[in-house]
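Scroll down for the structure; my scribbles are underneath it.
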Amino acid sequence: AERVFSGVQPTGNLHLGNYLGAIKRFVALQESHECIYCVVDLHAITVWQDPAELKRHIREVTAAFIACGIDPKRHIVFNQSQVSGHAELAWVFNCVARMGWLNRMTQFKEKAGKDRENVSLGLFAYPSLMAADILLYRATHVPVGEDQKQHLELTRDIAQKFNTDFGPSIAENGFGEGYFPLTEPLIAGPATRVMSLRDGSKKMSKSDASDMSRINLTDDADAIASKVRKAKTDPEPLPSEEEGLKARPEADNLVGIYAALSDTTKQAVLTEYGGGQFSTFKMALVDLAVAKLGPIGGEMQRLMGDVSAIDAILKDGADRARVIADQTIRDVKDIVGMVRA
Ligand code: TYM
(Lines give C-alpha, C1' and ligand atoms only; values in the text may rest on other atoms or scores of the structure.)
Protein backbone atom coordinates (compact mmCIF):
# COMPACT_ATOMS: atom_id res chain seq x y z
CA ALA A 1 0.00 0.00 0.00
CA GLU A 2 1.17 3.52 -0.73
CA ARG A 3 1.42 5.87 2.21
CA VAL A 4 2.55 9.49 2.22
CA PHE A 5 4.36 11.15 5.13
CA SER A 6 5.82 14.62 5.39
CA GLY A 7 6.72 17.16 8.05
CA VAL A 8 7.11 20.90 8.54
CA GLN A 9 9.11 22.55 11.34
CA PRO A 10 7.25 24.96 13.62
CA THR A 11 9.97 27.59 13.59
CA GLY A 12 7.94 30.59 12.40
CA ASN A 13 7.43 32.51 9.16
CA LEU A 14 5.84 29.86 6.96
CA HIS A 15 6.47 31.15 3.45
CA LEU A 16 5.70 30.71 -0.22
CA GLY A 17 8.52 28.16 -0.56
CA ASN A 18 6.98 25.96 2.13
CA TYR A 19 3.63 26.31 0.40
CA LEU A 20 4.68 25.64 -3.20
CA GLY A 21 7.45 23.13 -2.45
CA ALA A 22 5.51 21.17 0.14
CA ILE A 23 2.08 22.05 1.56
CA LYS A 24 0.32 22.65 -1.77
CA ARG A 25 1.55 19.24 -2.86
CA PHE A 26 0.42 17.64 0.42
CA VAL A 27 -3.08 18.85 -0.44
CA ALA A 28 -3.02 17.33 -3.93
CA LEU A 29 -1.83 13.91 -2.69
CA GLN A 30 -4.89 13.55 -0.44
CA GLU A 31 -6.97 12.46 -3.41
CA SER A 32 -4.82 9.45 -4.24
CA HIS A 33 -3.03 8.44 -1.03
CA GLU A 34 -3.36 7.83 2.68
CA CYS A 35 -1.49 10.84 4.10
CA ILE A 36 0.18 11.66 7.40
CA TYR A 37 1.30 15.26 7.93
CA CYS A 38 3.35 16.11 10.96
CA VAL A 39 4.36 19.30 12.75
CA VAL A 40 7.89 18.32 13.72
CA ASP A 41 8.39 20.01 17.08
CA LEU A 42 11.19 17.62 18.12
CA HIS A 43 13.14 18.78 15.09
CA ALA A 44 12.46 22.43 15.93
CA ILE A 45 14.26 22.21 19.29
CA THR A 46 17.54 21.11 17.68
CA VAL A 47 18.00 24.90 17.75
CA TRP A 48 16.80 26.69 20.90
CA GLN A 49 13.18 27.89 20.68
CA ASP A 50 11.37 30.20 23.03
CA PRO A 51 8.76 27.93 24.71
CA ALA A 52 5.78 30.29 24.28
CA GLU A 53 6.74 30.95 20.64
CA LEU A 54 7.17 27.24 19.96
CA LYS A 55 3.63 26.53 21.15
CA ARG A 56 2.28 29.31 18.96
CA HIS A 57 4.22 28.09 15.95
CA ILE A 58 3.04 24.48 16.37
CA ARG A 59 -0.56 25.69 16.26
CA GLU A 60 0.22 28.04 13.38
CA VAL A 61 1.62 25.26 11.16
CA THR A 62 -1.44 23.17 12.01
CA ALA A 63 -3.68 26.11 11.05
CA ALA A 64 -1.73 26.52 7.80
CA PHE A 65 -2.20 22.85 6.89
CA ILE A 66 -5.94 23.16 7.36
CA ALA A 67 -6.25 26.59 5.75
CA CYS A 68 -4.42 25.24 2.67
CA GLY A 69 -6.92 22.40 2.35
CA ILE A 70 -5.61 19.40 4.27
CA ASP A 71 -8.50 17.41 5.68
CA PRO A 72 -7.56 16.20 9.20
CA LYS A 73 -10.53 13.85 9.31
CA ARG A 74 -9.70 11.85 6.20
CA HIS A 75 -5.95 12.01 6.84
CA ILE A 76 -3.71 12.44 9.89
CA VAL A 77 -2.41 15.79 11.17
CA PHE A 78 -0.50 15.85 14.46
CA ASN A 79 2.60 17.13 16.22
CA GLN A 80 5.57 14.81 16.53
CA SER A 81 6.23 15.01 20.28
CA GLN A 82 2.80 13.53 21.06
CA VAL A 83 3.83 10.19 19.55
CA SER A 84 6.75 8.80 21.52
CA GLY A 85 7.65 6.32 18.77
CA HIS A 86 9.45 9.07 16.82
CA ALA A 87 12.05 9.50 19.55
CA GLU A 88 12.27 5.76 20.22
CA LEU A 89 12.85 4.77 16.61
CA ALA A 90 15.30 7.66 16.18
CA TRP A 91 17.43 6.12 18.93
CA VAL A 92 17.53 2.78 17.13
CA PHE A 93 18.45 4.61 13.91
CA ASN A 94 21.19 6.52 15.74
CA CYS A 95 22.70 3.09 16.27
CA VAL A 96 22.23 2.08 12.62
CA ALA A 97 23.39 5.28 10.87
CA ARG A 98 27.15 5.87 10.63
CA MET A 99 28.94 9.03 11.79
CA GLY A 100 30.41 9.37 8.30
CA TRP A 101 26.95 9.46 6.69
CA LEU A 102 25.78 12.28 8.95
CA ASN A 103 29.07 14.13 8.55
CA ARG A 104 28.25 14.45 4.86
CA MET A 105 24.89 16.18 5.37
CA THR A 106 25.11 19.59 3.71
CA GLN A 107 22.23 21.03 5.73
CA PHE A 108 24.11 20.26 8.95
CA LYS A 109 27.25 21.87 7.59
CA GLU A 110 25.29 24.98 6.58
CA LYS A 111 23.41 25.26 9.87
CA ALA A 112 26.43 24.53 12.05
CA GLY A 113 28.69 26.88 10.10
CA LYS A 114 32.10 27.37 11.64
CA ASP A 115 30.90 26.80 15.20
CA ARG A 116 30.71 23.00 15.01
CA GLU A 117 31.75 22.52 18.64
CA ASN A 118 28.82 24.55 19.88
CA VAL A 119 25.77 23.22 18.06
CA SER A 120 23.46 20.71 19.73
CA LEU A 121 24.02 16.98 19.39
CA GLY A 122 20.39 16.91 18.23
CA LEU A 123 21.23 19.05 15.20
CA PHE A 124 23.79 16.47 14.12
CA ALA A 125 21.31 13.60 14.62
CA TYR A 126 18.48 15.55 12.94
CA PRO A 127 18.41 13.39 9.76
CA SER A 128 18.20 10.22 11.81
CA LEU A 129 15.05 11.53 13.54
CA MET A 130 13.70 12.46 10.11
CA ALA A 131 14.24 8.90 8.89
CA ALA A 132 12.39 7.72 12.00
CA ASP A 133 9.44 10.03 11.23
CA ILE A 134 9.02 8.49 7.81
CA LEU A 135 9.78 4.86 8.59
CA LEU A 136 7.71 4.78 11.79
CA TYR A 137 4.74 4.73 9.40
CA ARG A 138 6.58 2.72 6.76
CA ALA A 139 5.71 5.55 4.37
CA THR A 140 6.43 4.89 0.69
CA HIS A 141 6.30 8.48 -0.61
CA VAL A 142 7.54 11.76 0.86
CA PRO A 143 6.66 15.11 -0.78
CA VAL A 144 9.32 17.74 -0.02
CA GLY A 145 11.24 20.63 -1.53
CA GLU A 146 14.60 20.11 -3.23
CA ASP A 147 16.52 21.00 -0.04
CA GLN A 148 15.40 17.75 1.65
CA LYS A 149 16.67 15.43 -1.07
CA GLN A 150 19.86 14.42 0.71
CA HIS A 151 17.96 13.66 3.91
CA LEU A 152 15.68 11.33 1.98
CA GLU A 153 18.67 9.52 0.47
CA LEU A 154 19.94 9.00 4.00
CA THR A 155 16.52 7.66 4.99
CA ARG A 156 16.85 5.00 2.28
CA ASP A 157 20.39 4.17 3.44
CA ILE A 158 19.18 3.72 7.01
CA ALA A 159 16.24 1.54 5.91
CA GLN A 160 18.53 -0.58 3.77
CA LYS A 161 21.16 -1.02 6.49
CA PHE A 162 18.50 -1.92 9.06
CA ASN A 163 17.03 -4.46 6.63
CA THR A 164 20.43 -6.10 6.06
CA ASP A 165 21.82 -5.81 9.61
CA PHE A 166 18.73 -7.57 10.93
CA GLY A 167 17.88 -9.63 7.83
CA PRO A 168 17.68 -13.07 9.51
CA SER A 169 15.70 -11.71 12.47
CA ILE A 170 13.32 -9.86 10.15
CA ALA A 171 12.64 -13.16 8.37
CA GLU A 172 12.32 -15.12 11.65
CA ASN A 173 9.75 -12.63 12.87
CA GLY A 174 7.70 -13.24 9.74
CA PHE A 175 8.37 -10.00 7.86
CA GLY A 176 9.95 -11.60 4.80
CA GLU A 177 12.71 -9.81 2.89
CA GLY A 178 12.95 -6.41 4.50
CA TYR A 179 10.98 -4.60 7.17
CA PHE A 180 11.31 -0.97 6.08
CA PRO A 181 10.41 0.23 2.56
CA LEU A 182 12.90 2.26 0.49
CA THR A 183 10.96 5.51 0.46
CA GLU A 184 10.55 7.52 -2.75
CA PRO A 185 10.99 11.28 -2.58
CA LEU A 186 8.34 13.30 -4.42
CA ILE A 187 10.18 16.41 -5.59
CA ALA A 188 8.46 17.82 -8.67
CA GLY A 189 6.83 20.80 -10.30
CA PRO A 190 8.05 24.30 -11.17
CA ALA A 191 8.79 25.41 -7.57
CA THR A 192 10.83 22.72 -5.79
CA ARG A 193 13.32 25.40 -4.76
CA VAL A 194 11.80 28.86 -4.36
CA MET A 195 14.51 31.48 -4.08
CA SER A 196 14.76 34.66 -2.00
CA LEU A 197 13.06 37.67 -3.60
CA ARG A 198 16.15 39.74 -2.78
CA ASP A 199 18.85 37.34 -3.98
CA GLY A 200 18.31 34.72 -6.68
CA SER A 201 21.21 32.62 -5.38
CA LYS A 202 19.74 32.06 -1.88
CA LYS A 203 16.69 29.94 -1.14
CA MET A 204 13.63 31.53 0.43
CA SER A 205 13.89 30.71 4.12
CA LYS A 206 12.07 31.15 7.43
CA SER A 207 15.19 32.53 9.05
CA ASP A 208 16.32 35.14 6.48
CA ALA A 209 16.80 38.42 8.37
CA SER A 210 15.03 40.36 5.61
CA ASP A 211 11.26 39.93 5.61
CA MET A 212 11.32 41.36 2.05
CA SER A 213 13.12 38.17 0.95
CA ARG A 214 10.02 36.03 1.44
CA ILE A 215 6.25 36.06 1.09
CA ASN A 216 4.79 34.78 4.36
CA LEU A 217 1.54 32.82 4.30
CA THR A 218 0.18 35.41 6.73
CA ASP A 219 1.10 38.48 4.60
CA ASP A 220 -1.80 40.73 3.62
CA ALA A 221 -2.43 41.98 0.07
CA ASP A 222 -0.39 45.16 0.57
CA ALA A 223 2.64 43.26 1.87
CA ILE A 224 2.45 40.75 -0.99
CA ALA A 225 2.16 43.55 -3.55
CA SER A 226 5.11 45.52 -2.23
CA LYS A 227 7.33 42.43 -1.92
CA VAL A 228 6.62 41.31 -5.50
CA ARG A 229 7.02 44.83 -6.89
CA LYS A 230 10.36 45.25 -5.13
CA ALA A 231 11.58 41.73 -5.95
CA LYS A 232 15.02 41.85 -7.55
CA THR A 233 15.04 41.40 -11.34
CA ASP A 234 17.37 42.11 -14.24
CA PRO A 235 16.66 44.79 -16.87
CA GLU A 236 15.90 42.41 -19.78
CA PRO A 237 12.33 41.63 -20.84
CA LEU A 238 11.08 38.10 -20.14
CA PRO A 239 12.25 35.48 -22.66
CA SER A 240 9.74 33.51 -24.73
CA GLU A 241 11.48 30.16 -24.25
CA GLU A 242 12.45 28.39 -21.03
CA GLU A 243 16.12 28.16 -22.09
CA GLY A 244 16.20 31.95 -21.87
CA LEU A 245 15.80 31.69 -18.08
CA LYS A 246 19.05 29.76 -17.59
CA ALA A 247 21.44 32.50 -16.53
CA ARG A 248 18.68 34.62 -15.00
CA PRO A 249 17.96 33.23 -11.52
CA GLU A 250 15.59 36.03 -10.40
CA ALA A 251 13.47 35.84 -13.56
CA ASP A 252 13.48 32.05 -13.37
CA ASN A 253 12.28 32.20 -9.77
CA LEU A 254 9.36 34.55 -10.42
CA VAL A 255 8.25 32.57 -13.47
CA GLY A 256 8.44 29.36 -11.44
CA ILE A 257 6.35 30.91 -8.68
CA TYR A 258 3.75 32.06 -11.20
CA ALA A 259 3.65 28.62 -12.82
CA ALA A 260 3.25 26.80 -9.50
CA LEU A 261 0.56 29.18 -8.22
CA SER A 262 -1.46 28.75 -11.41
CA ASP A 263 -0.82 24.98 -11.79
CA THR A 264 0.90 25.31 -15.13
CA THR A 265 4.45 25.11 -16.53
CA LYS A 266 7.13 27.78 -16.83
CA GLN A 267 6.91 27.45 -20.61
CA ALA A 268 3.18 28.20 -20.56
CA VAL A 269 3.85 31.32 -18.46
CA LEU A 270 6.53 32.47 -20.92
CA THR A 271 4.25 31.81 -23.86
CA GLU A 272 1.85 34.30 -22.30
CA TYR A 273 4.28 36.90 -20.89
CA GLY A 274 7.48 36.39 -22.90
CA GLY A 275 8.81 39.48 -24.71
CA GLY A 276 6.85 41.78 -22.37
CA GLN A 277 8.19 44.03 -19.64
CA PHE A 278 8.87 42.72 -16.16
CA SER A 279 6.54 45.32 -14.65
CA THR A 280 3.54 43.91 -16.53
CA PHE A 281 4.40 40.38 -15.45
CA LYS A 282 4.93 41.49 -11.86
CA MET A 283 1.49 43.11 -11.76
CA ALA A 284 -0.06 39.85 -12.95
CA LEU A 285 1.96 37.95 -10.34
CA VAL A 286 0.74 40.28 -7.58
CA ASP A 287 -2.89 39.64 -8.57
CA LEU A 288 -2.33 35.90 -8.75
CA ALA A 289 -0.46 35.70 -5.44
CA VAL A 290 -3.04 37.83 -3.63
CA ALA A 291 -5.88 35.73 -5.06
CA LYS A 292 -4.24 32.43 -4.02
CA LEU A 293 -2.62 33.38 -0.70
CA GLY A 294 -5.05 35.99 0.65
CA PRO A 295 -7.73 33.45 1.59
CA ILE A 296 -5.13 31.16 3.21
CA GLY A 297 -3.81 33.91 5.47
CA GLY A 298 -7.34 34.92 6.41
CA GLU A 299 -8.36 31.37 7.23
CA MET A 300 -5.19 30.83 9.29
CA GLN A 301 -6.03 33.89 11.33
CA ARG A 302 -9.59 32.69 11.89
CA LEU A 303 -8.39 29.22 12.95
CA MET A 304 -5.78 30.70 15.31
CA GLY A 305 -8.68 32.40 17.13
CA ASP A 306 -9.74 29.03 18.54
CA VAL A 307 -6.68 27.33 20.01
CA SER A 308 -8.67 24.56 21.69
CA ALA A 309 -10.12 23.50 18.33
CA ILE A 310 -6.59 23.26 16.88
CA ASP A 311 -5.40 21.27 19.89
CA ALA A 312 -8.35 18.90 19.48
CA ILE A 313 -7.27 18.22 15.87
CA LEU A 314 -3.69 17.53 17.04
CA LYS A 315 -4.92 15.19 19.77
CA ASP A 316 -7.16 13.25 17.41
CA GLY A 317 -4.35 13.01 14.85
CA ALA A 318 -1.83 11.86 17.46
CA ASP A 319 -4.23 9.20 18.75
CA ARG A 320 -4.58 7.78 15.24
CA ALA A 321 -0.87 8.09 14.41
CA ARG A 322 0.04 6.27 17.63
CA VAL A 323 -1.89 3.17 16.57
CA ILE A 324 0.38 2.76 13.54
CA ALA A 325 3.52 3.91 15.35
CA ASP A 326 3.12 1.59 18.35
CA GLN A 327 2.88 -1.43 16.06
CA THR A 328 6.13 -0.45 14.32
CA ILE A 329 7.88 0.01 17.66
CA ARG A 330 6.73 -3.45 18.82
CA ASP A 331 7.97 -5.00 15.55
CA VAL A 332 11.32 -3.17 15.77
CA LYS A 333 11.85 -4.29 19.36
CA ASP A 334 11.19 -7.90 18.35
CA ILE A 335 13.50 -7.61 15.33
CA VAL A 336 16.34 -5.97 17.26
CA GLY A 337 16.03 -8.39 20.18
CA MET A 338 14.56 -6.34 23.00
CA VAL A 339 12.50 -8.31 25.53
CA ARG A 340 8.88 -7.18 25.68
CA ALA A 341 7.68 -8.74 28.93
P1 TYM B 1 11.14 22.72 6.69
O2 TYM B 1 10.26 22.95 7.87
O3 TYM B 1 12.39 23.51 6.57
O4 TYM B 1 10.31 22.98 5.36
C5 TYM B 1 9.06 22.37 5.14
C6 TYM B 1 8.93 21.97 3.69
O7 TYM B 1 9.08 23.12 2.85
C8 TYM B 1 10.07 22.86 1.87
N9 TYM B 1 10.78 24.11 1.57
C10 TYM B 1 10.89 24.64 0.35
N11 TYM B 1 10.45 24.22 -0.85
C12 TYM B 1 10.74 25.00 -1.91
N13 TYM B 1 11.43 26.17 -1.83
C14 TYM B 1 11.91 26.61 -0.64
N15 TYM B 1 12.58 27.76 -0.56
C16 TYM B 1 11.64 25.83 0.52
N17 TYM B 1 11.95 25.97 1.83
C18 TYM B 1 11.42 24.91 2.45
C19 TYM B 1 10.99 21.83 2.49
O20 TYM B 1 11.71 21.12 1.51
C21 TYM B 1 10.01 20.97 3.25
O22 TYM B 1 9.44 20.01 2.39
N23 TYM B 1 13.54 18.46 7.66
C24 TYM B 1 12.27 19.02 7.22
C25 TYM B 1 11.11 18.63 8.10
C26 TYM B 1 10.92 17.17 8.31
C27 TYM B 1 10.45 16.22 7.36
C28 TYM B 1 10.40 14.97 8.03
C29 TYM B 1 10.08 16.31 6.02
C30 TYM B 1 11.13 16.49 9.48
N31 TYM B 1 10.81 15.18 9.32
C32 TYM B 1 9.97 13.80 7.40
C33 TYM B 1 9.66 15.13 5.37
C34 TYM B 1 9.62 13.90 6.05
C35 TYM B 1 12.39 20.53 7.23
O36 TYM B 1 13.21 21.10 7.90
O37 TYM B 1 11.44 21.16 6.53
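The values are calculated or read from the model by the stated rules, or taken from the named source; none is laboratory data. Given the structure is predicted, the values throughout are model-derived calculations rather than measurements. Methodologically, a virtual Cβ is constructed for each residue, glycine included, from the backbone with ideal geometry; neighbour enumeration extends over all protein chains shown. Please note that ligands, DNA and RNA were not included when accessible areas were found on the heavy atoms of the full protein model with its side chains. Shrake-Rupley method; radii C 1.70, N 1.55, O 1.52, S 1.80 Å.
Summarising the amide proton neighbourhood of His15: residues at separation of 5 or more, or on other chains, whose placed amide H is nearer than 5 Å comprise Leu217. With 18 Å as the limit, write out which pairs from Lys232/Lys282; Lys114/Lys232; Lys111/Lys206; Lys24/Lys111; Lys109/Lys161; Lys149/Lys232 have Cα-Cα distances beyond it, or answer none. Distance filter (> 18 Å) returns Lys114/Lys232; Lys24/Lys111; Lys109/Lys161; Lys149/Lys232.
Could you report the chain's accessible area per residue, 1.4 Å probe, as an integer in Å²? Let's see the in-between values first.
Numbers: 15660 Å² over 341 residues.
Accessible surface, normalised per residue, equals 46 Å².
Taking the stretch 19-99, which GluC sites (Glu not before Pro) meet the DSSP loop condition and have no more than 10 other C-beta atoms within 10 Å? Here the GluC sites (Glu not before Pro) that fit, given the DSSP loop and packing criteria, are Glu31.
Figure the gain on full extension for Phe175 and Ala223 (residue separation times 0.36 nm, minus the Cα-Cα span) and round it to one decimal in nm. Intermediate results must be reported in sequence, preceding the final value.
On the way: separation 48, 0.36 × 48 = 17.28 nm, distance 5.39 nm.
Extra length available between Phe175 and Ala223 comes to 11.9 nm.
As an exercise, use a Förster radius of 30 Å and the Cβ-Cβ distance of Arg302 and Leu102 to find the FRET efficiency, rounded to the nearest 0.05. Write out the running numbers ahead of the final one.
Numbers: r = 41 Å, r/R0 = 1.38.
Calculated value: 0.15.
Using a Gaussian network model of the chain in which every pair of alpha carbons under 10 angstrom is joined by a spring, one finds that among Val142, Val255, Val47 the greatest mean-square fluctuation is at Val47. Taking 17 Å as the straight-line reach from the Cα of Lys203, the aspartates and glutamates in range (excluding those fewer than 8 positions away in the same chain) are Glu110, Glu146, Asp147, Asp211, Glu250, Asp252. Amide H contacts of Leu186 (H built 1.01 Å from N, in plane; Pro and chain starts excluded): Val142, Val144 sit under 5 Å, all sequence-distant by 5 or more or on other chains.
Of Lys55, Lys73, Lys24, the residue with the greatest mean-square motion in the GNM of the chain, using alpha carbon springs below 10 Å, is Lys73.
Helix 249-261 versus the longest principal axis of the chain: what angle, 0 to 90°, nearest 10, using Cα atoms? With both axes taken from Cα atoms, the answer is about 70 degrees.
Using a Förster distance of 25 angstrom, determine the FRET efficiency expected from the C-beta separation of Glu117 and Lys149, and round it to 0.05.
Numbers: r = 28 Å, r/R0 = 1.11.
Efficiency for this residue pair is about 0.35.
Rounded, prolate or oblate: which one fits the stretch 59-170, using the alpha carbon gyration tensor with axes a ≥ b ≥ c (rounded when a/c is under 1.5, else prolate when a/b beats b/c, else oblate)? Judged from the Cα gyration tensor, the stretch 59-170 comes out oblate (a/c at least 1.5, b/c at or above a/b). How large a share of the accessible area of the stretch 211-302, in percent, is made up of carbon and sulfur atoms when the probe is 1.4 Å and the other protein chains stay in place? Here it works out to 52 percent. Near Lys315, which aspartates and glutamates are there with a Cα under 19 Å away, not counting those fewer than 8 places off in the same chain? Filter leaves Glu34, Asp41, Glu60, Asp71, Asp133, Asp306, Asp326.
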